[in-house]
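Okay, structure first, notes after.
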Amino acid sequence: MNRPSLSRRALLTGAAATVIGFNTTTRTWATTGDPTTAGRISPAPALQGTLTTAPATRAAFAQDFGRLTTTTPYAVLNPACAQDIATVITYARRNNLKVAMNGQSGNGGELESHSNYGQAGVQGGIAVNARSLNRIHAITPTNATVDAGVTWAQLTDAALTQGLTPPCLTDYLHLSIGGTISVGGIGSTVHKYGLQADTVEAIEIVTGTGRVLTATPTRNTELFHTALAGAGQVGIITRATVKLVPAPHNARVLTLYYDDLTTYLTDQQTLLNDGRFPSQVGEILIQPAGRPPRYKIEAVAHYNDTTPPPTAPLLAGLTPTTTETTDTTYRDYTYRADAFADTIKNLGYWNAPKPWLSLFLPATQTHTFLTEALPQLTPDDIGQGLLLCYPFHTSKLTHPLAITPDEPTAYLFDLLAFPHPDTDPTPALTRNRHLYDRAVQLGAKRYLVGAIPHMTPTDWQTHYGPHWTTLTTTKNHHDPTHTLTPGQNIFP
Ligand SMILES: Cc1cc2nc3c(=O)[nH]c(=O)nc-3n(C[C@H](O)[C@H](O)[C@H](O)COP(=O)(O)OP(=O)(O)OC[C@H]3O[C@@H](n4cnc5c(N)ncnc54)[C@H](O)[C@@H]3O)c2cc1C
């Protein structure tokens, strides 16, 4: 047996004993409390942060927001810097372990990965706690440089104190910046700015070979474009410089209701084409049995003084059944999902299984898909959640691995289900797969978030289409041992 002496800086902490290394024979951690274990021990690396094998910590990283999978890591890294992640990746490669960053974001003390189907999971590997990288380094009039574990809420509040805002925000702000730019990050301004990944100007990234690199549109260009919306396949983003723009003070929120799908889609397309609103989303309201769905556009105009813009010109040419108008501050609008999340938590739905489905539908097939899909959905399927549906220009998405339908306009179809906590999620997962298959037949693509079971290598190749080569080439270059982010299940 080869037993190393414990380095003072090898900060591996377990529940009862200190971990001294990984036993590559038994594939378990060797601890000071277990001196009799036979086998070859790979000494724990020296770190500035900590690596823990405490069962409670590992259990906390075994689940994600979706509550549909369990993937328990062997250890959790709390990195103090990018070099810690590089060190652990090198160690993991040597010992045939996997590594994945875990967003660990949320409101208040409730931190978790907001993935839905184990995308940040790393069964028997090392989970990296993004929350340990949590500093806003700089804010300038045009951008901010932040650690990957900073949430959009933290950045928004810091930017607002200087009259600035990220141009593209997710509906729920308590998500890690590194996590959303790794999957894309879609929000109500996608029609203007693209995804959050499209607002990134530079990243610091640790590749799957353990190199710490800076990537920008002109430096390590290929790495830049495949890390953003790249599902964590080529590296772990540790820092990002993201665009900021002047923040408006107030928001006039116009809610337009429709009883007819064709009119709804026509008005969505009209608004998209003329771009009259800085913020434009939509929702489908599934009704009880026998009643057709209703449709909703939420369009937001900004203003800075006390007088909101008149509503009538904003609605010119649109034909909703009814309209509601409310005025609020810009900050309150950006934080609008907090009250929703609080309600869901109070009702006990947050910690239950949530089989979400996120698709990008080609605009020419959206009516067909919705006509087929909506009758399959009941109010119980949606539960306390919602079904978002709104269009964007696919040309606004600039990174090759942010895959969209091959049409100028696509619709987000985002089934954010919060079913009753007692509901067995199995039928909903089957439904998701069924809807996905039908959508793909119509030329749709999935968004990387959500729960679609049984994704095969062929499904992924179909998904990426001509960009499959881009992904595999860069993966093999920057992560040749396929150490990173197995939970996306793209490279099983
Ligand atoms: C209530 C709620 C609201 C949401 N609203 C929106 C929305 O409006 N728009 C939208 O686009 N999405 C939305 N999402 C989905 C969200 O984008 C995903 O959950 C996404 O995964 C980000 O979550 P996270 O920060 O917890 O990262 P995780 O889910 O933990 O990570 C996502 C994936 O990226 C990898 N990863 C994480 N960080 C890094 C990094 N720094 N470098 C490389 N890889 C990394 C992980 O290993 C994993 O594979 C919402 C989710 C919830 C629960």
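The values are calculated or read from the model by the stated rules, or taken from the named source; none is laboratory data. All figures in this text were calculated on a predicted structure; none of them were measured in a lab. Counting neighbours? That spans all protein chains shown, and the Cβs are built from the backbone with ideal geometry, glycine included.
Total residues in the range 397-440 satisfying the condition of being within 16 Å of the ligand (Cβ to nearest atom) and of a type in the set (D, E): the figure is 1.
As a summary of the residue check, A339 satisfies the conditions (1) surrounded by fewer than 19 Cβ atoms within 10 Å (Cβ to Cβ); (2) touching a residue at least 24 places away in the same chain (Cβ under 8 Å) except for the one numbered (2). For the range 134-202, the helices (runs of 4 or more DSSP H) that sit wholly inside it and include 3 or more residues that are near the ligand (Cβ under 8 Å from one of its atoms) are 177-183. Condition check: in contact with a Pro (Cβ under 7 Å, 6 or more places away or on another chain) and at positive phi. Does G450 satisfy that? It is false that G450 is in contact with a Pro (Cβ under 7 Å, 6 or more places away or on another chain) and at positive phi.
Specify which of the listed residues (R3, R67, R8) is out of contact with any Ser or Thr (no Cβ under 6 Å at 6 or more places or on another chain), modelled with pLDDT of 95 or more and not β-branched (V, I, T). Spell out the reasoning first.
Numbers: R3 fails: modelled with pLDDT of 95 or more; R8 fails: modelled with pLDDT of 95 or more.
The unique qualifying residue is R67.
Taken over the range 22-58, residues that are within 24 Å of G179 (Cβ to Cβ) and either within 16 Å of the ligand (Cβ to nearest atom) or touching a Phe, Trp or Tyr at 6+ places or on another chain (Cβ under 8 Å) (or both) amount to 4.
To keep it simple, each residue is scored yes or no on (1) closer than 22 Å to P73 by Cα; (2) over 17 Å from the mean Cα position of the chain (by Cα); (3) within 12 Å of the ligand (Cβ to nearest atom); (4) not assigned by TED's automatic domain parsing to the domain that holds L387.
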residue	(1), (2), (3), (4)
R446	no, no, no, no
P457	no, yes, no, yes
H467	no, yes, no, yes
T472	no, yes, no, yes
Q488	yes, no, yes, yes
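Of all the numbered requirements in (1) more than 11 Å from the ligand (Cβ to nearest atom); (2) outside any loop (DSSP other than H, G, I, E, B); (3) among the β-branched types (V, I, T), I85 misses one, and that requirement is (1).
Restricting attention to the range 362-416 and to residues that are without any contact (Cβ under 8 Å) to a residue 40 or more places away in the chain and surrounded by fewer than 18 Cβ atoms within 10 Å (Cβ to Cβ), the residue that is nearest to V449 (Cα to Cα) turns out to be S395. Of all residues in the range 105-127, those that are more than 10 Å from the ligand (Cβ to nearest atom) and not in a loop (DSSP other than H, G, I, E, B) total 1.
Within the range 286-322, count every residue that is surrounded by 15 or more Cβ atoms within 10 Å (Cβ to Cβ) and assigned to a strand (DSSP E or B).
In the first step, residues of the range 286-322 are kept if they are surrounded by 15 or more Cβ atoms within 10 Å (Cβ to Cβ); the result is 286, 293-303, 308, 314-315, 318, 320.
From the residues that got through so far, the ones that are assigned to a strand (DSSP E or B) too are 294-303.
Residues flagged as surrounded by 15 or more Cβ atoms within 10 Å (Cβ to Cβ) and assigned to a strand (DSSP E or B) within the range 286-322 amount to 10.
Checking the structure you have, find out if any residue of the range 206-225 is near the ligand (Cβ under 9 Å from one of its atoms), outside the structural domain of P408 (by TED's automatic domain parsing) and either in contact with a strand residue (DSSP E or B) (Cβ under 7 Å, 6 or more places away or on another chain) or part of a loop (DSSP other than H, G, I, E, B) (or both). So that I can check it myself, show each step before the final result.
Filtering the range 206-225 for residues near the ligand (Cβ under 9 Å from one of its atoms) gives 206.
Keeping just the survivors that are outside the structural domain of P408 (by TED's automatic domain parsing) gives 206.
From what's left, either in contact with a strand residue (DSSP E or B) (Cβ under 7 Å, 6 or more places away or on another chain) or part of a loop (DSSP other than H, G, I, E, B) (or both): 206.
Yes; the residues of the range 206-225 include at least one that is near the ligand (Cβ under 9 Å from one of its atoms), outside the structural domain of P408 (by TED's automatic domain parsing) and either in contact with a strand residue (DSSP E or B) (Cβ under 7 Å, 6 or more places away or on another chain) or part of a loop (DSSP other than H, G, I, E, B) (or both).
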